[in-house]
């Protein structure tokens, strides 16, 4: 009987040994896979790293961080000859209050550009055209009186590839519309209701602004970010890790270092559970030299700036931060149309104030400079 027991014990030891070896092999494989992916990510971030000349001087609070996220309308394939930021979003994170704040900036916002080559008025999307990420960061900081700690610029390719790499996202579409593809052709049909979007459809959804307004466009972009966040949280394997990282190759420009990104990734799950605050502007449109411009009301800029500064622990709260407070613009505006796009009746319908608008500007304050022809690499200005 004893020999049989020894044989059985030996058999069990072999099975246990096999499973231990298998676990070790899998563990080493996973560790090696993650190590290679980490090396790949470092290379991509190093290649896309671009430091900005930041003019804003402010004390930084240790529990807060601010980001400017931008999406370009140009790629190597589109080769538009110029590059603008098709989307701009400020994101602040406050670890003390456990709050993430989102603020989408209408791309046609008429502001003073802060670049080395141009200091005049133009759409905010053109700040990047005049001076790359440095001009965009400095223009946003000057317009809203906030510091930007880090920026990140994506092009269409990175957006599409990232969404596809995670297997698409689920979005509840507010209303039916025909969306445009990368070339600007209305070829993508959206029905209202919940649906699964691949990269191309998600880009079309995020860029749509003709079905309603630029403000709603900003909310759509925030919905896409939330959907990506939810999808990443639900992923249980590393199989898509390389594809996700590769989606950024030659398609990103940032001042976020590999060390910074590792810290953000390690805190990502914590940040995703923070309460979310969405900020928006009161605004109107006016026509200028055949182009439609967005004027953010002066008091609306002041209100949003305050909320952003509170989120960064730079301002103390006041009565506008009380629960139930609802901001309404006084309607004072600075810029009048030359009516090359719309007539006075159409312009009046764009006013958001119910109090009757008051013009407080000066003649000639809508003068804009010419957009420069610039050399780009896959849409990016180096």
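First check a/c for the stretch 55-192, with a ≥ b ≥ c the square roots of the eigenvalues of its C-alpha gyration tensor; if it is under 1.5, answer rounded, and if not, answer prolate when a/b is larger than b/c or oblate otherwise. Can you show the working numbers first?
Details: a/c = 2.06, a/b = 1.29, b/c = 1.60.
Note, shape of the stretch 55-192 comes out oblate.
Taking 0.36 nm per residue of separation and subtracting the Cα-Cα distance, full extension of the segment from residue 365 to residue 352 would add 2.5 nm.
Would you mind classifying the stretch 281-382 by shape? Square roots of the alpha carbon gyration tensor eigenvalues, ordered a ≥ b ≥ c; an a/c under 1.5 is rounded, otherwise it is prolate if a/b is larger than b/c and oblate if not. Intermediate results must be reported in sequence, preceding the final value.
Working: a/c = 2.57, a/b = 1.21, b/c = 2.13.
Here the stretch 281-382 falls in the oblate category.
The calculated FRET efficiency for the pair residue 57 and residue 318, based on their C-beta separation and a Förster distance of 25 Å, comes to about 0.55.
Spatial offset of the stretch 121-154 relative to the stretch 168-221 amounts to 26 Å, using the alpha carbon center of each. Both radii are taken from the alpha-carbon atoms of the stretch 237-294; with Rh as the Kirkwood radius, Rg/Rh is 1.19. Note on residue 289/residue 219: beta-carbon distance plugged into 1/(1 + (r/R0)^6) with R0 of 35 Å gives a FRET efficiency of 0.75. Quote the FRET efficiency, to the nearest 0.05, computed for residue 192 versus residue 240 with a Förster distance R0 of 25 Å and r equal to the Cβ-Cβ distance. Approximately 0.25, to the nearest 0.05. DSSP beta bridges fully contained in the chain are about 70 percent antiparallel.
When only C-alpha pairs under 8 Å and at least 6 residues apart count, what is the relative contact order of the stretch 86-145, in percent? The partial results should precede the final answer.
Values: 92 pairs, mean separation 15.2, N = 60.
Computed over the stretch 86-145, the figure is 25 percent.
Available extension along the chain between residue 272 and residue 257 is 3.3 nm, counting 0.36 nm per residue and deducting the alpha carbon span. Taking all Cα pairs closer than 8 Å and separated by 6 or more residues, the relative contact order of the chain comes to 22 percent.
Just checking the listed ones, 168, 290, 131: in the Gaussian network model of the chain with Cα springs under 10 Å, the one fluctuating most is 290.
Shape verdict for the stretch 163-205, please, from the Cα gyration tensor: rounded (a/c under 1.5), prolate (a/b greater than b/c) or oblate. The shape class here is oblate. Each residue, residue 299 and residue 39, gets one label point 7 Å from its Cα in the Cβ direction; the gap between the two is 6.1 nm. Taking every alpha-carbon pair under 8 Å whose residues sit at least 6 apart, the stretch 276-322 reaches a relative contact order of 27 percent.
Helical runs assigned H by DSSP (4 residues or longer) give the chain a calculated mean residue ellipticity at 222 nm of -12500 deg cm²/dmol, each run adding -39500 (n - 2.57) before division by the residue total.
We did not get these values from a lab; they are worked out from the coordinates using the rules stated. All values derive from a computational prediction rather than experimental measurement. A quick note on method: Cβ atoms are made from the backbone with ideal geometry, for glycine too, and the neighbour counts reach across all protein chains shown.
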